[in-house]
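One structure is given below, encoded as structure tokens.
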Amino acid sequence: MNQNKHKILLIEPPFNRLFKYTYSLDRYPLSLGYLAGTIKKETDWDVKVYNADFYPKSEWIKVSYLTGLGFENYLANIKDLSARIWGDVKSTILKYKPTVVGISAKSQNFVSACMVAKLAKEINEQIIVIVGGPHPSMVGADVLNCKDIDVAVRGEGEDTIVELLRAIDVGTGFGGIQGALHRRGNEIFENDPREFIKDLDLLCFPHESAPEVLIDYDKYPLSAFRYIFATRGCPGNCLFCGSKNVWSRKPRFRSPENVICQIKGLQRMGIKIVHFDDDTFGITKKYINALCNALIVHCPGLTWSCELHVRLVDEPTISLMEAAGCFKIQIGIESGNNKILEEMKKGITIEKALAACELIKKRGIQVHAFFIVGFPQETEETLSDTVAAMRKIECHTLVYSIFTPYPGTQIFEFCKRNGLINDDYNVALYNHQSPTNCFCMYLSPERFRELVSNIEKMVDRKNSLDRIKRVVSLNTLRKIQELGIAKSVQKGVNMLTGR
């Protein structure tokens, strides 16, 4: 490493590890991977990525722990910079000695991002702290209320971070850099927004620079690098979602050829399963058809997973996806009650959602079902409908969340208008598994917690049972493999191990 180079350390703040030190985000954060690859290509800065939410020997995360003892640990850790997790962060910054610390922040980990910024300034007040990610895109200049943050970036960050680093190189300041908000003295300046990247094929492939830039690269499981984007932007208008603030509602597509090129690179690494990390896979049936046909031709033997909207589920689409190697689909059902779904602006009914799941299952594809409890109009009856749907659906995993109104979303403003959010709202206290969450107009916090505690136990029981079944199935496949008939079952082993 050239010691005379300017250096930037990109950090994913701890979140899971605030609940339990051995909980982990077992993946290479794509947002930081895109930034790191772009910085390497477009500047002469030395760049490293540090996922402070990664632990090499991670534990399975239990929902009931997150809402119990885990939440107590979380509250303690966000108040104590001497906690073990912050020692890890501090030692990494000290070792690397960056000129700039760049932090990716979501609303739920923004308090963690602020603590990382504080640590950086305590180490060296000359370090420039830049924060990007969904939260700055949602709330804008409010991010700079944290005095340890010098610059915030709204929207896509690849082009903005390059211009910021070039400005630091020549000392011209940050005025005029589109997408940036910055502090100069006691004043805060908000520059014009930046246009979205039109040609996504120009973006780098994050996995290519990972061996060089990712701290502790060799400690990550191979599956940490299987995540890819094929699109940016979601045409949906769900009231609780802030995706449109980050990517807009106008979809942009990578060409199937470009996606295939990235997948082939992942395959050369030894990865046999990829996950499309898009908000909604494909977005249009036309693009799904083009991409799946390309996968069939160019990536035979690949298995993959995605998140899919109910409205895209039909027999021809699912059959083609299965033929192209899709083995798992995450699907947002959210509620078992049609009135709640209507209030959410999901654009689906529970009947259509359950039918979609049944169709997917018939094709032999796993279903991972997302549910949200505690929407403002929630009642005991609507919660009961959701529990009934959770029990009825045959899925591999229930992905459970408590409704959380994130600043910048339409539903956040609804909650403010209806007195469910006060002026002292502290984003640090609320996340999808926070026991303090209750934004219901018709349920008291005490009754809501009583009801959802039972739901959380049911979710853990169901997921634990399915996990045991998968482990037993995996061990059975391995026994068969040991008997010398590995070829016929290798695809099944790969699917179960995530390789």
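How many residues does segment 252-270 contain that are assigned to a loop (DSSP other than H, G, I, E, B) and surrounded by 21 or more Cβ atoms within 10 Å (Cβ to Cβ)?
1
Only strands (runs of 3 or more DSSP E) wholly contained in segment 151-242 count here; list those with 2 or more residues that are over 23 Å from the mean Cα position of the chain (by Cα).
Here the list reads 180-184, 187-190.
Condition check: at negative phi and modelled with pLDDT under 95. Does L239 satisfy that? Let's see the steps before the verdict.
Working: at negative phi: yes; modelled with pLDDT under 95: yes.
Spelling it out, L239 is indeed at negative phi and modelled with pLDDT under 95.
Can you confirm whether I288 is surrounded by fewer than 20 Cβ atoms within 10 Å (Cβ to Cβ), in a helix (DSSP H, G or I), β-branched (V, I, T) and assigned by TED's automatic domain parsing to the domain that holds F414?
no
Among the residues that make up segment 378-397, is at least one of them more than 25 Å from E450 (Cα to Cα) and of a type in the set (G, A, S)?
no
I'm trying to understand the selection: among the residues of segment 436-462, which are surrounded by 18 or more Cβ atoms within 10 Å (Cβ to Cβ) and assigned to a loop (DSSP other than H, G, I, E, B)?
Across segment 436-462, the qualifying residues are N437, C438, F439, C440, L443.
Residue by residue through segment 1-52, note down the ones that are in contact (Cβ under 8 Å) with a residue 60 or more places away in the chain and among the hydroxyl-bearing types (S, T, Y). If you could, list the steps in order and put the result at the bottom.
Taking segment 1-52 first, the residues in contact (Cβ under 8 Å) with a residue 60 or more places away in the chain are 6-15, 17-18, 21, 26-43, 45, 47-52.
Of everything in segment 1-52, those that are in contact (Cβ under 8 Å) with a residue 60 or more places away in the chain and among the hydroxyl-bearing types (S, T, Y) turn out to be Y21, Y28, S31, Y34, T38, T43, Y50.
Any chance you could count how many residues in segment 66-96 are touching a Lys or Arg at 6+ places or on another chain (Cβ under 7 Å) and under 30 Å from N454 (Cα atoms)?
The qualifying residues number 2.
List the residue pairs whose Cβ atoms are under 7 Å apart, where the first residue sits in segment 354-380 and is outside the structural domain of H275 (by TED's automatic domain parsing) and over 19 Å from I421 (Cα atoms), the second is outside any helix (DSSP H, G or I) and basic (K, R), and the two are 6 or more positions apart or on different chains.
Cβ pairs passing all conditions: none.
Is it the case that N418 is within 24 Å of the chain's Cα centre (by Cα) and either within 30 Å of S248 (Cα to Cα) or at pLDDT 95 or above (or both)?
Details: within 24 Å of the chain's Cα centre (by Cα): no; either within 30 Å of S248 (Cα to Cα) or at pLDDT 95 or above (or both): yes.
In short, no.
From the list V111, V129, V63, exactly one residue is in contact with an Asp or Glu (Cβ under 6 Å, 6 or more places away or on another chain) and within 27 Å of S453 (Cβ to Cβ). Which is it? Full working, then the answer.
Details: V111 fails: in contact with an Asp or Glu (Cβ under 6 Å, 6 or more places away or on another chain); V129 fails: within 27 Å of S453 (Cβ to Cβ).
Residue meeting the stated conditions: V63.
The values are calculated or read from the model by the stated rules, or taken from the named source; none is laboratory data. All of these numbers come straight from a predicted model, not from anything done at the bench. All Cβ positions, even for glycine, are placed from backbone atoms using ideal geometry, and neighbour counts span all protein chains on display.
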